[in-house]
Amino acid sequence: GAVVSQHPSWVICKSGTSVKIECRSLDFQATTMFWYRQFPKQSLMLMATSNEGSKATYEQGVEKDKFLINHASLTLSTLTVTSAHPEDSSFYICSATSGVVDTQYFGPGTRLTVL
Amino acid sequence: AQSVTQLDSQVPVFEEAPVELRCNYSSSVSVYLFWYVQYPNQGLQLLLKYLSGSTLVKGINGFEAEFNKSQTSFHLRKPSVHISDTAEYFCAVSAGFNFGNEKLTFGTGTRLTIIP
C-alpha cells in the first residue's frame with residue numbers, strides 16, 4: 001500500500017527558532033499533499049493544501065508567513081514553522097494523494113514542542 | 001461546505017461486545033465518507049470508505065459501516081471488539097469528483113476504550 005513518512009517524529013526547540021518538518025511519499029508520486037495540525041484530544045484541522053510545483057493554499061486563519069510550505073518534488077513536501085512559539089506546540093500530520101489513488105494516505109505525524 | 005458530527009466523544013465497551021460509533025454529516029452535494037483510526041502518537045490509518053454503490057462497506061480489522069442517505073449517517077460497527085481496538089476514531093467527508101484532491105473535513109473523534 002501507499003506509504004507516507006514524516007521526519008522528524010518529534011522535535012523540541014527553543015522559542016524563536018525555526019523548525020522544518022518533511023513529508024515524503026515513499027512508493028507513489030504525490031501531486032497533492034495536505035498539512036494538518038492536531039491539538040491534544042482534538043480533531044485534525046487542515047492548515048494548507050500543497051500541489052507540486054505551485055504555491056500552497058492556506059486555510060483561513062493560518063499564517064502563511066509563519067507556516068512555510070514547499071512542495072518542490074512529487075515525493076517531498078516540507079513545512080517550516082518559523083519563529084516558533086510555545087503556542088505552536090502541536091502534532092503536525094501530513095497526508096498525500098496522487099489523484100489516481102482514491103484516498104489520502106497519512107504520515108505518522110511529528111510532535112513539536114516549543115520551550 | 002460539509003460538516004461532520006460525531007455524537008459520542010468517548011465510548012467504553014467490554015471486550016468481545018459489539019460497538020457502534022455514530023457519525024452524521026451535512027452537505028449540499030454528494031459526499032464521500034471515510035472512517036480513520038488513530039493509535040496513540042501515530043498518524044491516521046484508513047479503516048474504510050464509501051464512494052458509491054453498496055451502502056454497506058466493509059473495512060479492515062472487522063469493521064463495517066453503513067451509509068444512510070436519508071438519515072445522513074455513516075455509523076461504524078464491529079460485532080466483537082478486542083483490546084487492540086482501543087484508539088481514536090475519526091469520521092471524515094470530502095466532496096467533488098477528484099476527491100483524492102479534495103479537502104477532508106473531520107469530525108471531532110470518538111475515543112473507543114475496550115474494557116477487559
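Where a number appears in this text, it was derived from the coordinates with a stated rule and is not lab data. Everything quoted here is computed from the prediction, not taken from an experiment. As a convention, Cβ positions derive from the backbone with ideal geometry for all residues, glycine included, and neighbour counts pool all protein chains shown.
Computed from point charges on the beta carbon alone (+1 for Lys and Arg, -1 for Asp and Glu), the dipole magnitude for the range A:1-92 about its Cα centre is near 120 Debye. Simple spin-label estimate for A:SER18 and A:SER83 gives 1.2 nm between the two label positions (7 Å along the Cα-to-Cβ direction from each Cα). Peptides B:11-23, A:7-19 ordered by packing proxy, namely the average of other Cβ atoms within 10 Å per residue, highest first: B:11-23, A:7-19.
Relative contact order for the range A:27-72: 30 percent, from Cα pairs under 8 Å spaced at least 6 residues apart, divided by residue count. The mean sequence separation of alpha-carbon pairs under 8 Å and at least six residues apart, normalised by the residue count of chain A, gives a relative contact order of 37 percent.
Remark: chain B carries a charge dipole of roughly 300 debye about the Cα centre, counting +1 on each Lys and Arg Cβ and -1 on each Asp and Glu Cβ. Within the straight-line cut-off of under 28 Å between alpha carbons, the lysines reachable from A:LYS41 are A:LYS14, A:LYS20, A:LYS64, A:LYS66, B:LYS49, B:LYS58, B:LYS78, B:LYS103, sequence neighbours fewer than 8 places apart in one chain being disregarded. Once you have a ≥ b ≥ c as the square roots of the Cα gyration tensor eigenvalues for chain A, tell me rounded if a/c is under 1.5, and otherwise prolate or oblate according to whether a/b is larger than b/c. Note, shape of chain A comes out prolate. The stretch between B:SER84 and B:LEU51 holds 9.1 nm of extra length on full extension. This uses 0.36 nm per residue minus the Cα-Cα distance. Extending 7 Å from the Cα toward the beta-carbon at both B:ASN41 and B:GLU66 defines two label points whose distance is 3.9 nm. Averaged over the residues of peptide B:35-44, the number of Cβ atoms from other protein chains lying within 10 Å of each residue's Cβ is 5. Using a cutoff of 8 angstrom between alpha carbon atoms and counting only pairs six or more residues apart, the relative contact order for chain B works out to 37 percent.
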